[in-house]
Amino acid sequence: MYYGTYHRNLDVKGRLLIPSKLADELGQEVYVVRGHEGCLAIYDPAGFEKLMAHYMAMDFEDPEARAKMRMAASSAHPTKIDSVGRVLLGKQLLEDYGIDEAVTLIGVFDHLEVWDQAAYARYQLANGFAYDAPRRSRS
């Protein structure tokens, strides 16, 4: 399970240094895919297989499902964590998502997300209420 928040800077080749504890849990091979709300997602092989099974179970005849399937599958980028603990994110995905050098890496249970630091700060401001709001009873 992945959790926590880490601030990092990408190197000139678009590589992200994964914290050693997380890199050990991920293993050597990872998959980088388009995430949601403007981030990239990093999955270990088992998590990636589960994600792809989710998309494959969708109805290809449904235009919205078909678009999601295409975006997920076409963005999938298998890569390896190098001996230093870096993962190459891919310049095209970084450009597509407007992710600059300064990034925020967060753990989201079964995967990691890579956000442009400023974009994640805006996301937190806009969505922090969802975590802080008290639960309402259903009477």
TODO: Using only the Cα atoms, work out Rg/Rh for the stretch 21-121, with Rh taken as the Kirkwood radius, to two decimals.
DONE: 0.97
- [ ] Pop a pseudo-label 7 angstrom from the Cα along the beta-carbon direction at both Ala121 and Lys21 and give the gap in nm to one decimal.
- [x] 2.5 nm
Open item on the list: Leaving out ligands, DNA and RNA, and with a 1.4 Å probe, what % of the accessible surface on the chain is carbon or sulfur?
Closed with: 54 percent
Open item on the list: Defining a contact as two alpha carbons under 8 Å apart and six or more residues distant in sequence, what relative contact order in percent does the chain show?
Closed with: 37 percent
- [ ] From largest accessible area down, sort Thr5, Thr79; use a 1.4 Å probe on the protein chains.
- [x] Thr5, Thr79
TODO: Give the cross-link partners of Lys91 among the lysines, using a straight C-alpha distance below 24 Å as the criterion and excluding same-chain residues fewer than 8 apart.
DONE: Lys13, Lys68, Lys80
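Could you list the GluC sites (Glu not before Pro) in the stretch 46-76 that lie in coil according to DSSP, counting only those with at most 14 other Cβ atoms within 10 Å of their Cβ?
Those satisfying the criteria are Glu61.
The values are calculated or read from the model by the stated rules, or taken from the named source; none is laboratory data. Quantities reported herein were computed from a predicted structural model and do not represent experimental measurements. No Cβ is skipped: glycine too gets one built from the backbone with ideal geometry, and neighbour counts run over all protein chains shown. For accessibility, only protein heavy atoms count, side chains too; no ligands or nucleic acids. Shrake-Rupley method; radii C 1.70, N 1.55, O 1.52, S 1.80 Å.
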